[in-house]
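What follows is a short report on a single structure.
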Amino acid sequence: MPEDQTLGSVLLVDDDEPFRLSLARALRRREMTVHCAATIAEAVSLAATHPLAYAVVDLRLGGENGLDLVRILREMMPDVRVVLLTGYGNIASAVTAIKAGAVDYLAKPVDIDGLMAVFLGQEGLLSPLDAEPMTPERVRWEHIQRVYVECGQNVSETARRLRMHRRTLQRILSKRAPV
């Protein structure tokens, strides 16, 4: 199908080749023109030479950070809808991704219908609950992490906003995330 008859052009950036190829096939079946890259440099090169409606960027690109690419793409093409993917999701990273210019933050493996809904601006649709929702301890930890990132990782400011003692916050931040 010619490019002008597709739903749009998407840049798919992931260093996991089998995942990238699988997602590219699924997007092509949805009549999208797909451009693939494994690094930030490849992605920037493709973005400079192809008009894009969408971009799907992995958070961890080998030794590179996908958030850097989100910022670059938003500067190059302010209208591109960027979705950040990760296998290491947490609320703090999601908040950072949205602030960097991503329209959404999805966990791998990504559901193609969910990704298409985000592309089409239908991300407000309710998704089914997880079989094992987060524990209250995990929800608390995620909230603290989100506020910590919003405060530029400033412990004193985070403690003030959360109305807790700075040393208590430091102990919480030094521990691993609860399950």
- Task: Could I have the simple spin-label model distance between T168 and E17, label points 7 Å from Cα toward Cβ, reported in nm to one decimal?
- Result: 5.2
- Task: Mind sorting out which of (1) 136; (2) 118; (3) 104 is the real volume of the Cα convex hull per residue in Å³ computed from the coordinates?
- Result: (1)
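Could you give the dipole magnitude of the chain about its Cα centre, charging the beta-carbon of Lys and Arg +1 and that of Asp and Glu -1, in debye to the nearest 20? The partial results should precede the final answer.
Details: 22 positive and 23 negative charges, 239 e Å.
With Lys and Arg at +1 and Asp and Glu at -1, about 1140 debye.
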- Task: Return the FRET efficiency for the residue pair R25, R161: r is the Cβ-Cβ distance, R0 is 41 Å, and the value is rounded to the nearest 0.05.
- Result: 0.35
- Task: Mind pulling the angle between the C-alpha long axis of helix 40-49 and the longest principal axis of the chain? Nearest 10 degrees, somewhere in 0 to 90.
- Result: 40
- Task: Rounded to the nearest 500, what is the 222 nm mean residue ellipticity of the chain from helices alone, with -39500 (n - 2.57) per DSSP H run of 4+ residues and division by all residues?
- Result: -14000 deg cm²/dmol
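Read-outs throughout are calculated quantities, based only on the coordinates presented, and are distinct from any laboratory measurement. Fair warning: this is a prediction, and the values are worked out from it, not measured in the lab. Virtual Cβ from ideal backbone geometry, glycine too; neighbours counted across all protein chains shown.
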